[in-house]
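Everything below concerns the one structure shown next.
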Amino acid sequence: MHKESWCPDCLTGKHSFDSAFSCFEYEGAGKELIHKLKYEGRTELSKLLAKLMYYRIRDEGLNVSAVIPVPIHAKKLQKRGFNQALLIAEELSAMLGVPLADCLIRDKDTKEQYGLDRHRRAFNVIDAFSCDLLYNVSNYKVLLLVDDVYTTGSTADECARVLRGQGVQSIHVITAATGSNT
């Protein structure tokens, strides 16, 4: 992996994951693309986002054993009808030729992270996730955690903390976009 391509937050902060990568800034056309997927139900856009992530992973030389999507709460899933991270992860899993392990569960119906500062984001997701014990994730050497946007890393951190609690040794994060981490 090329250390110069790591996000500034990963270089300076302490996280439960090993590294995080994004494909573009959360602004302009990229932001519009994610909004169309999440809020307009344009699920076919998950293929494009997965392809961008695939190229980023390939360019970084990252070899992973399994792909894990960041979950959404059941209430949000019922309202939206899909989990955008799962759709992207399914595509990415196929492109990489590795298993999809949809093993994380979002137990708490947390507030939207949008508009919260770094500390409130971290507090918002404490104990929000658990791991489905039907999956033995410790059997995978290198996990790839997939989400749509990385802002402060709070969600990725909490997911990675849960996965580490299951014995996972190496966790990398890939998102379509990175946003402001105020």
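The values are calculated or read from the model by the stated rules, or taken from the named source; none is laboratory data. Every value quoted in this text rests on a predicted model; they were computed, and no experiment measured them. Every residue, glycine as well, gets a Cβ built from its backbone with ideal geometry; the counts of neighbours run over all protein chains shown.
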So in segment 1-28, with the set limited to residues that are small (G, A, S) and out of contact with any helix residue (DSSP H, G or I) (no Cβ under 7 Å at 6 or more places or on another chain), which one is modelled with the lowest pLDDT? G13
Tell me whether segment 84-107 contains one or more residues that are basic (K, R) and over 23 Å from V162 (Cα atoms). no
So which residues in segment 29-81 are outside any helix (DSSP H, G or I), at pLDDT 95 or above and either buried (at least 19 other Cβ atoms within 10 Å of the Cβ) or β-branched (V, I, T) (or both)? T43, V64, A66, V67, I68, P69, V70, P71
Residue among L86, L49 that is within 13 Å of the chain's Cα centre (by Cα) and within 18 Å of D109 (Cβ to Cβ): L86
